[in-house]
């Protein structure tokens with residue numbers, strides 16, 4: 001026969017009082033969980049869950065930093081693309097002027113003067129775009145020397161590039177950096193000089209020179225088109241990494257919520273069970289007081 005542990009009546013009452021105390025503590029904790037909507041208030045309540053939340057918090061912090069990086073990368077790449085697109089549009093107009101000027105048989109002297117004026121205006125516009133700034137006041141095409149004007153004339157009147165050829169590397173994922181910051185450098189100087197030659201050749205007796213200018217111009221024009229494609233590819237890449245980053249942040253925050261947030265149906269069930277325990281204890285202690293009162297009457 002298995003040994004049966006027997007409790008005396010006083011022991012049962014003492015145990016009932018202990019149960020009452022513990023049930024009260026459980027009910028108080030459950031009430032706090034219901035109020036805070038959290039499964040635990042202190043790390044000591046669930047050390048394993050608290051450690052997982054800590055690790056998830058560290059991961060979330062790193063992901064939010066990358067999110068900020070992605071915003072910066074998007075900002076810079078969008079500015080680059082917009083300005084290169086503006087340069088291309090100006091070049092498109094210049095090319096039309098070159099084609100008209102090269103056809104001397106149908107172009108009058110007054111039209112040559114007008115075309116030359118248009119090319120000079122476009123040349124100034126190109127320089128203005130190349131020396132453009134972003135909304136923070138940084139020169140867009142100056143490399144890392146973003147506080148210095150990248151394109152300016154030397155004492156002999158020749159356009160020079162005074163920026164550098166460095167690119168900014170921005171972390172867009174745990175194992176991925178993207179280079180941003182387009183450097184026009186000597187390519188733009190060469191383009192500008194070609195447009196300047198077009199302006200000087202924009203006259204009837206230089207139609208042959210304009211045809212030669214067109215070949216050199218088209219080479220630089222195509223470089224700008226290719227550059228737009230390259231920057232557009234970076235825009236798509238950054239968009240893809242941004243989407244992945246958002247999904248990762250959602251995954252981490254959801255995991256923390258699953259660990260920490262209370263399942264109300266489960267909590268109500270726990271509180272009901274605790275309440276039932278307390279009711280049983282109350283009955284036992286009530287019986288104790290009834291017996292004690294009878295003893296006093298005897």
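Odds and ends about this structure:
- Here the Kirkwood formula, the inverse mean of 1/r across different C-alpha pairs, assigns region 92-186 a hydrodynamic radius of 16.1 Å.
- Placing a pseudo-label 7 Å from each Cα along the Cα-to-Cβ vector at residue 230 and residue 92 gives an inter-label distance of 2.2 nm.
- Longest to shortest principal axis, alpha-carbon extents of region 51-256, angstrom: 82, 36, 23
- Each label point was placed 7 Å from the Cα along the Cα-to-Cβ direction; for residue 58 and residue 134 their separation is 3.1 nm.
- Full extension of the segment from residue 216 to residue 145, taken as 0.36 nm per residue of separation minus the current Cα-Cα distance, would add 22.6 nm.
- Over the C-alpha trace of region 142-191, radius of gyration and Dmax come out as 14.0, 49 angstrom.
No lab work stands behind these numbers, since they all come straight from the coordinates. All figures in this text were calculated on a predicted structure; none of them were measured in a lab. Methodologically, a virtual Cβ is constructed for each residue, glycine included, from the backbone with ideal geometry; neighbour enumeration extends over all protein chains shown.
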